[in-house]
Every structure is written in structure tokens, then in C-alpha cells.
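The values are calculated or read from the model by the stated rules, or taken from the named source; none is laboratory data. Quick caveat, the model's predicted, so the values are computed rather than measured. Reconstructed Cβ throughout: ideal geometry from the backbone, glycine too, with neighbour counts over all protein chains shown. For the accessible areas, the whole protein counts, side chains as well, though only heavy atoms, and no ligand, DNA or RNA atoms are used. Shrake-Rupley method; radii C 1.70, N 1.55, O 1.52, S 1.80 Å.
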Amino acid sequence: MKLIIAIVQDEDASRLIGQLMNDGFGVTKLATTGGFLRAGNTTLLVGVEDDRFQPAMDLIERVCKSRKQIAPSPASMVGMPGSYTPYPIEVVVGGATIFVLTVDQFVKL
Ligand code: 2BA
């Protein structure tokens, strides 16, 4: 069994959860915040049997889109003595950032 930890954009989260549930996957949603943009994103925990791993990954890839976002200068640099004028930068976020863990045990009590 695998645990998929998928960090996705809020805009994609509800559709992705709906489609995962429709296909019979169990999903837990966490409201999270990206360290760089300091903006909200969504982390999904999806536990899947090995033979359902690829279909779950394919679904995530289909639903999650990459988008450009304008980010302010990194907060750590703003307001430092002698610092430059802050300028916005463009970053490409997503589709999804995914970690895959092998599950030792899956227990429901
Ligand atoms: P954030 O940390 O808010 O990052 C949003 C986007 O900003 C990133 O998109 C990337 O395009 C850009 N970015 C991040 N750090 C940067 C840096 N030091 N310099 C320049 N640009 C930078 P994604 O790579 O698609 O990441 C989306 C979200 O996934 C991240 O939001 C974070 O919440 C999570 N994430 C990404 N990589 C991670 C990692 N190695 N470990 C844990 N979470 C991660």
C-alpha cells in the first residue's frame, strides 16, 4: 500500500476530491500554506492499494493545472537595512507536488 501526499492548488482541490471519491479512493484534506508564497494551498492524503496507485496518480495529473502567480519579493528580504525596492516575481505553481510513501501498516480501529 502507498500513501500519496499531494499538495495542490485550492482551485483544483474540490474537483480533485470529488473525482477521487467518485472513483472509490479515500481522501483526507488538510488546509495548508506554502512556505514561499505564504498563500493557502491544499494537501491531500490518499491511501491506495498498490494496484490502484497509478490510476490515482493519473487522475491527479489530469485535474491539477499549473498556473502562473505573481509573488511579492521574499518576505525575509523586505525591510532589511539597505535593502532594495521590493519587486514582484512570476512563479509557476503546480500542477501538484507529490510525495509517495510506502505504508507499513494500515489500521482502522
Ligand atoms: P510555495 O512554497 O508557496 O511555492 C509556490 C511556488 O513558488 C512553487 O510552486 C515554485 O514555483 C515557487 N517557489 C517555491 N520556492 C521557491 C524559491 N525558493 N525560489 C523561487 N521560486 C520558488 P511548486 O513548486 O509547484 O510548489 C507548490 C507548493 O508545493 C509550495 O508552495 C509548497 O507548499 C509545496 N512544496 C513544493 N515543494 C516542496 C517540498 N520540497 N517540500 C514540501 N512542500 C513543497
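Sequence-ordered 3J(HN,Hα) estimates for segment 40-55 from the Karplus curve with 6.51, -1.76 and 1.60 and θ = phi - 60° stand at x, 9, 10, 10, 10, 9, 10, x, 9, 5, 4, 6, 10, 5, 5, x Hz, glycine and proline given as x.
The residues of the chain expose on average 66 square angstrom of accessible surface per residue, using a 1.4 Å probe on protein heavy atoms.
Proximity of backbone amide H atoms, modeled 1.01 Å from N, is registered between residue 71 and 89, 90, 91 at under 5 Å, excluding neighbours fewer than 5 places apart on the same chain. Listed by chain and number, the aspartates and glutamates whose C-alpha is less than 14 Å from the C-alpha of residue 2, apart from same-chain residues fewer than 8 away, are 49, 50, 51, 104.
What is the helix-to-structure angle for 10-22, meaning the angle in degrees between its Cα long axis and the longest Cα principal axis of the chain, kept from 0 to 90 and rounded to the nearest 10? The helix 10-22 is inclined about 0 degrees to the chain. Scalar couplings 3J(HN,Hα) for segment 59-65, obtained by applying the Karplus form with A = 6.51, B = -1.76, C = 1.60 to θ = phi - 60°, are 5, 4, 5, 5, 7, 8, 9 Hz; x denotes Gly and Pro. Farthest toward the dipole's positive end in segment 2-102, which of 30, 70, 17, given Cβ charges of +1 (Lys, Arg) and -1 (Asp, Glu) about the Cα centre? Sorting the options by dipole projection puts first 70.
Averaging 1/r over each pair of different alpha-carbon atoms in segment 2-102 and inverting the result gives 15.0 Å, the Kirkwood hydrodynamic radius.
Between the exposed loop cleavage positions of the chain, defined as chymotrypsin sites (Phe, Trp or Tyr not before Pro) in a non-H, G, I, E, B DSSP state with at most 14 neighbouring beta-carbon atoms within 10 angstrom, the longest gap is 37-83. The sum of -39500 (n - 2.57) across all DSSP H runs of n ≥ 4, divided by the residue count of the chain, sets its helix-only mean residue ellipticity at 222 nm to -7000 deg cm²/dmol.
Only protein atoms count toward the accessible area here, which uses a 1.4 Å probe; on the chain, the carbon and sulfur part of that area reaches 55 percent. Considering Cα pairs under 8 angstrom that are at least six residues apart, work out the relative contact order of the chain and quote it in whole percent. Worked out over the chain, it gives 37 percent.
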